[in-house]
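Have a look at the structure below before the remarks.
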Amino acid sequence: MPKFEQQYKLEDFRQALKGGFKTAGFVAKKVGSARSTAVIYLEKLIESGEAEKFEVDDGQSFVWMLKKEE
């Protein structure tokens, strides 16, 4: 049975977030993943304290941004 190899790396999503607010759709397109996959990785960046998620359009949409290094 073939061994599962992870197609994407967290760094791919970190790089896609550089430069300000980004939607999950934008990040997915930049990385070449499905939007749902991008959301999973973006949530991992939030959990690690590297990114923040902001609600826009009265909670209808979200954008993500890398946290500023202090």
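The values are calculated or read from the model by the stated rules, or taken from the named source; none is laboratory data. From a predicted model like this one, the values you see are computed outputs, not experimental measurements. With ideal geometry, Cβ positions are generated from the backbone for all residues, glycine too; neighbour counts draw on all protein chains shown. Protein only, heavy atoms only, side chains kept; ligands, DNA and RNA dropped before computing areas. Shrake-Rupley method; radii C 1.70, N 1.55, O 1.52, S 1.80 Å.
Some observations on this one:
- The set of residues in the stretch 30-66 that are open to solvent by 90 Å² or more (accessible area, probe 1.4 Å) and more than 24 Å from GLN6 (Cβ to Cβ) comprises GLU55, ASP57, ASP58, GLN60.
- Any hit, the stretch 11-29, residues being assigned to a loop (DSSP other than H, G, I, E, B), out of contact with any Lys or Arg (no Cβ under 6 Å at 6 or more places or on another chain), open to solvent by less than 90 Å² (accessible area, probe 1.4 Å) and of a type in the set (S, T, N, Q): yes
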